[in-house]
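Following: one structure in structure tokens, then a few remarks.
Bear in mind these aren't lab numbers, they're just calculated from the coordinates by the rules spelled out. Just so we're clear, the structure is a prediction, and the values are computed from it rather than from any experiment. Glycine gets a Cβ as well: all are built from the backbone with ideal geometry, and neighbour counts include every protein chain shown.
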Amino acid sequence: MANARTANKHRGTGGSQDLVTLSLVRRLLADGVARDARVGAGLSVREVARSAGVSPAGWSRWERGQRSPRAAAAMTAAPAIMGLLKAPALMAQGTDQ
């Protein structure tokens, strides 16, 4: 039981919000949404992977559907993926000024 508690400590709170985030990240990668957002933002796999704290090879495998991120990696990458989804709106704001 101690191992499960230790694992949850590294994944966040372990609550239902983490499960929603985990599911969302995996879905965005599997459906190609994360890749489309990255390409649309003009960023390379290497740039996004490093920002997300994962290897470029791992990120590429996620985008191609060869692998699904484990829980800890998905939670680490979540802020980068969410940021990619916000990029078009932020870029549009920059051109409106």
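Computed quantities for the displayed model
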{"read-out": "Using a Förster distance of 25 Å, the FRET efficiency for R67-S16 (Cβ separation, nearest 0.05)", "value": "0.50"}
{"read-out": "K86 paired with A57, simple spin-label distance in nm, labels 7 Å along Cα-to-beta-carbon", "value": "3.2"}
{"read-out": "R67 long-range amide H proximity, modeled H, under 5 Å", "value": "W62"}
